[in-house]
Every structure is written in C-alpha cells, then in structure tokens.
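Remarks on the structure that follows.
The values are calculated or read from the model by the stated rules, or taken from the named source; none is laboratory data. Note that the structure is a prediction, hence the values are computed from the model and not measured. Here the Cβ positions follow ideal geometry from the backbone for every residue, glycine too, while neighbour counts run over all protein chains shown. Note: areas computed on protein heavy atoms with side chains; ligands, DNA, RNA excluded. Shrake-Rupley method; radii C 1.70, N 1.55, O 1.52, S 1.80 Å.
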Amino acid sequence: MAKKILFIEDEMRLQEVLGAKLKAEGYEILAAMDGKSGLEIAEKEKPDLILLDLILPKMDGFHVLEAIKANPSIPKMDGFHVLEAIKAKPSISAIPIIVLSNLESGKDIERCLSLGVRSYLAKTNYSLEEIAQKVSEVFK
Amino acid sequence: MAKFLDSLNIVKQCRRYGVGLWQCPHFLFLVMGAIIISSIIATYLTAQWFFTEPQLIALIVLVVAAILFVIGHIIVSSFERVAEASLAKSEFVAIMSHQIKTPLSIIKWQLNLLKEKGIKIEDSEAKKFFIHLDEENQRMIHIVNDLLELNRIEDSTIFLNPSVFSLKEIIDEVVGRRRKENLNTNVSFEVKTSENLPLVFADKIRTRDVVSHIIDNAIRYSINGGKITVMLQGVPKCVCCSVRDEGIGISKEDQKRIFSKFFRAESVYKYQTQGLGLRLYLAKAIVEASGGKIGFTSQEGKGSTFWFTLPVPKNNLIGNNYQ
C-alpha cells in the first residue's frame, strides 16, 4: 500500500510540482494550503509523513509543529486551539516531519530541531530528486 | 595611519553614513573634544581673573557640562539612527531574499521535473536556452544565498550546526562535480590525501560551501587552464585542506584585500565580471567561526595555494575515527 504524505504548502505551484514528483515515486499525496486545514487532514488521514512549509496563512508552520508535537513547555500562541485538538488525539504526534522552507535563520532551524523535526531542507538548495531521496530515507 | 586620517575626513564620513554634519558621530566627537579642551583653558584663565567670585566659575562649569550633555545626547541619537538603519537593512535583505527564493524554488523544481520527464526539445537553440535557464536560476540562488549568509555574519546570527564528518568525502563530492562541469575546459583536478586522516568537527553544509568557494576560486584564476591539486593532511588538532592552482596568481596589491567583502581582484575581473566578490569573505568567516584558520600564498603568473584548517573532535585528538 502506498505511503501517504501530507504536504502543507501555500504556494500552489510548489505543491503541484513536488506533488507530481512524489506521486511518480509511488506515494499518495494529500495537500493542504494552510496550517489549519493541514492539521485537520493530519488528524483525519494519519499520514506516514508530513512535509511542512513554515510560512503559512492562518497558522504558520511553527504553530503546526508545536501543535503536532504537543510540547507543553512551549507557550501557547495563536495555534493553541490546534494544540488542544491534537492533545485529544496524541496518536499523530509520532508522525515524522520534514520542514521545507526558505527561512534559514539559525533560530528557525534550532526551533524546528527542538520540536523533533526529522530534516530541515531549504527549498532552493535541494533538487526534486534530492527531496525524494530524503523522503525515501524516512521510510527505510 | 591612513585609516585615522580617513576618520578625520568629516565630509566623507557624513556621506558614508548618510547623515548631516550635526548628526555625524565623528564631527560631534571632535566638537566635544574641542569644547572640553577650550573649556578647561577658559576655566583656568577665568579662575585666575575672578578667583574672588567662585559662583561665576561654578556657573561656567555648569554651562560647559550642559553643552557636553546635549552633544553627548546628539551622538547617542546619531548612533541609534545608524544602528536602526543597519537593522532595517538586515530585515529588508532577509524579507526580500525570502520573497525572491519562492519563485526561484518554483522555477528550479519545475525545470527539474521537465528534465526528469525527458521533454523533447528538437530545436538545438531551444535546448541550449533550456540549459541556460537552469544555470541562470542556480546562479540567482547562489547570489541570494550569499547575500543572506553575509547578512547573518554581519548580524552575528550565523548558526553553525557542527557534527563529526569526513572532510575527504566533501572534497571528493565537490571535486567530482567540478570535474564533470569542466570536462570541456583545460582544467584538471587531483586529490591527494595523507594516511590516517582524522574526521573533523564542523558544520557540514557550510564546510561544503567553503570547499566549493575555494575550488571555484581556483578554477576562476585558472584562466589558461592547468591542474588544481587538493591536498588533505592532518596537522596538530586539525585537518588542513589546501587547494593549489596553476593560474594567473594574485598581485601583491590585491593580496591585501583578497578576503575583503565585495572584493574582485583586478586580474580576474578583466576576464570574468560575474560574482559578488563575497565567496572568500564568507569562507573566512565560516572557517573562523568553526574554530579553524584560513590563508593563502600566491605568486603572480604562477598560481596560488589557498588553505584552511578545521578542528578534529575534542575526544579524537589521538585519532580513533579515521576517514
């Protein structure tokens, strides 16, 4: 059975092109354009992997991460309602996450790593092939 | 000395910071110095003439102190303005870079996909343009990345993620890539490694950047071709990587500024106008932030050798982990 990947990315064109590549690699792709609907899909579909952009409308990627990881040490921000929803279903907190972002400041990377992100990939620095390889490494 | 004289050129300083005369820190500093000296002399002379009226002396001291206080306040405000402008510039670069990177990612990935799908372009000129699109997009990505890295270094927000890794693997990867890219040129590559080379402890991704910057620099200087020799050897507590080229070398004048920001050597600029002149500046900053050293020797007309060192892990000085 094909592995399910949820891609939370607000740039439609990036979503299309990476989605096409991963579909060609045999994965099933679930797409969300913002953090809120991304979380809803994560809860409902329980994907095998989440690819997450950090700058998202409605709820940024950090809030999604915090909500998914349900880390009580992190102060609640405007994504707290999602955090509560996730706390009710802690099964999704174990889903591996790869962050795909063009934010590359030390603080961002550190914050993502502290939230248990598997990999932090700068979009411009990785080709589609390299991203597909990182994805396949998760399932090895 | 030249730097000191330069700092006394008030008009130049005002232009440099983009502020008026009465907001220029250098000018205000000189004014404050002049007031302090003249007020000491004036107080001394006045005290001699009016030694029977100490209130007058006290009043003069009070007035001078008030003037100095006002000037001090203006200096602090001026510095604040400069600092704020610098912060605004950093934020602008960060925001703009992020905005530019999104379309660059889209172009990069779409070109990747088109290439993978093996789209048929029969027209040889169109094929050439397609390759150029990919190369130019990659060039823009490099420029934006370099500007962002410069921004981080200047703001001291550079984040190193050190790990233990094989420097040889990075060298082999970068040289392998450059070999492929330079198949149709007269540039050849050789990698020499000493035995029992220890692993290094540094930021792997940034080390790859440093190696790429130095090897690309060697290629750039090898205008008439030649061999580029990359050598790896263990030195006390570090691994040293040197890159020797047989290129045009660097003039004595340019050698002084080779690691400066936005510097382009005259000898290379004649042949190649591309690049921001940031790569060696960034390489130096990254190597030094990693606890290593960087340097070079060069002879005009004969070639240059750039070298850098990276520390081995602290518990690995004797060398249990070999590459």
*Mind checking whether some residue in the range B:182-203 is assigned to a helix (DSSP H, G or I) and either closer than 21 Å to B:Gly301 by Cα or at pLDDT 90 or above (or both)?*
no
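Residue-wise test of (1) under 28 Å from B:Glu149 (Cα atoms); (2) basic (Lys, Arg).
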| residue | (1), (2) |
| --- | --- |
| B:Glu181 | yes, no |
| B:Lys237 | yes, yes |
| B:Ser242 | yes, no |
| B:Ile248 | no, no |
| B:Glu253 | yes, no |
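Out of curiosity, is B:Ile37 in a helix (DSSP H, G or I), of a type outside the set (Lys, Arg) and farther than 30 Å from B:Gln13 by Cβ? If you could, list the steps in order and put the result at the bottom.
Working: in a helix (DSSP H, G or I): yes; of a type outside the set (Lys, Arg): yes; farther than 30 Å from B:Gln13 by Cβ: no.
No, not satisfied.
Under the condition of being outside any loop (DSSP other than H, G, I, E, B) and not basic (Lys, Arg), which residue from the range A:1-12 is nearest to the other protein chains (Cβ to nearest Cβ)? Before you say what the answer is, go through the steps one by one.
Initially, the range A:1-12 is screened for residues outside any loop (DSSP other than H, G, I, E, B), giving A:4-8, A:12.
Filter once more, keeping what is not basic (Lys, Arg): A:5-8, A:12.
On the way: A:Ile5: 16, A:Leu6: 18, A:Phe7: 12, A:Ile8: 15, A:Met12: 10 Å.
Filtering the range A:1-12 for residues that are outside any loop (DSSP other than H, G, I, E, B) and not basic (Lys, Arg), the one nearest to the other protein chains (Cβ to nearest Cβ) comes out as A:Met12.
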*Between a first residue in the range B:239-259 that is more than 13 Å from B:Phe306 (Cβ to Cβ) and among the aliphatic types (A, V, I, L, M) and a second residue that is open to solvent by 20 Å² or more (accessible area, probe 1.4 Å) and assigned to a helix (DSSP H, G or I), which pairs have beta carbons less than 6 Å apart while being 6 or more apart in sequence or on different chains?*
B:Ile248/B:Ser267
*Sort out which residues of the range B:275-294 are touching a residue at least 60 places away in the same chain (Cβ under 8 Å) and assigned to a loop (DSSP other than H, G, I, E, B), and write them in order of number.*
B:Leu276, B:Leu278, B:Ser290, B:Gly291, B:Gly292
_For B:Glu84: the one exception among (1) within 25 Å of the chain's Cα centre (by Cα); (2) more than 14 Å from chain A (Cβ to nearest Cβ); (3) surrounded by 14 or more Cβ atoms within 10 Å (Cβ to Cβ)_ = (3)
*Name every residue in the range B:87-102 that is under 19 Å from A:Asn102 (Cβ atoms), without any contact (Cβ under 8 Å) to a residue 40 or more places away in the chain and open to solvent by 60 Å² or more (accessible area, probe 1.4 Å), in order of residue number.*
B:Glu91, B:Phe92, B:Ile95, B:Met96, B:Gln99
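Could you please let me know if B:Arg179 is among the basic types (Lys, Arg), without any contact (Cβ under 8 Å) to a residue 12 or more places away in the chain, facing chain A (nearest Cβ under 9 Å) and open to solvent by 20 Å² or more (accessible area, probe 1.4 Å)? Give the steps one after another, and end with the answer.
Working: among the basic types (Lys, Arg): yes; without any contact (Cβ under 8 Å) to a residue 12 or more places away in the chain: yes; facing chain A (nearest Cβ under 9 Å): no; open to solvent by 20 Å² or more (accessible area, probe 1.4 Å): yes.
Spelling it out, it is not the case that B:Arg179 is among the basic types (Lys, Arg), without any contact (Cβ under 8 Å) to a residue 12 or more places away in the chain, facing chain A (nearest Cβ under 9 Å) and open to solvent by 20 Å² or more (accessible area, probe 1.4 Å).
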*Please specify each residue of the range B:160-181 satisfying the condition of being in a helix (DSSP H, G or I) and of a type in the set (Gly, Ala, Ser).*
B:Gly176
_I'm checking my understanding of the structure. Among residues of the range B:151-174 that are surrounded by fewer than 18 Cβ atoms within 10 Å (Cβ to Cβ) and among the hydrophobic types (A, V, I, L, M, F, W, C), which one is nearest to the other protein chains (Cβ to nearest Cβ)?_
B:Phe159
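Does B:Leu30 meet the test of being in contact with an Asp or Glu (Cβ under 6 Å, 6 or more places away or on another chain) and either open to solvent by 40 Å² or more (accessible area, probe 1.4 Å) or closer than 30 Å to A:Glu129 by Cβ (or both)? Write out each step before concluding.
Working: in contact with an Asp or Glu (Cβ under 6 Å, 6 or more places away or on another chain): no; either open to solvent by 40 Å² or more (accessible area, probe 1.4 Å) or closer than 30 Å to A:Glu129 by Cβ (or both): yes.
No: the conditions fail for B:Leu30.
Considering only residues of the range A:112-133 that are farther than 19 Å from B:Arg206 by Cβ and in a helix (DSSP H, G or I), which is nearest to the other protein chains (Cβ to nearest Cβ)? Give the steps one after another, and end with the answer.
From the range A:112-133, those farther than 19 Å from B:Arg206 by Cβ are A:114-118, A:127-129, A:131-133; that's our starting set.
So of that shortlist, the ones also in a helix (DSSP H, G or I) come out as A:114, A:128-129, A:131-133.
Working: A:Ser114: 13, A:Leu128: 4, A:Glu129: 7, A:Ile131: 8, A:Ala132: 10, A:Gln133: 13 Å.
Ranking the qualifying residues of the range A:112-133, first place goes to A:Leu128.
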_Given (1) at pLDDT below 90; (2) buried (at least 21 other Cβ atoms within 10 Å of the Cβ), identify the lone condition not met by B:Gln255._
(2)
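Of these, B:Leu148, B:Leu133, which one is part of a helix (DSSP H, G or I) and within 12 Å of chain A (Cβ to nearest Cβ)?
Within the list B:Leu148, B:Leu133, the selection yields B:Leu148.
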*Across the range A:13-60, what is the total count of residues that are away from every other protein chain (no Cβ under 14 Å) and open to solvent by less than 10 Å² (accessible area, probe 1.4 Å)?*
10
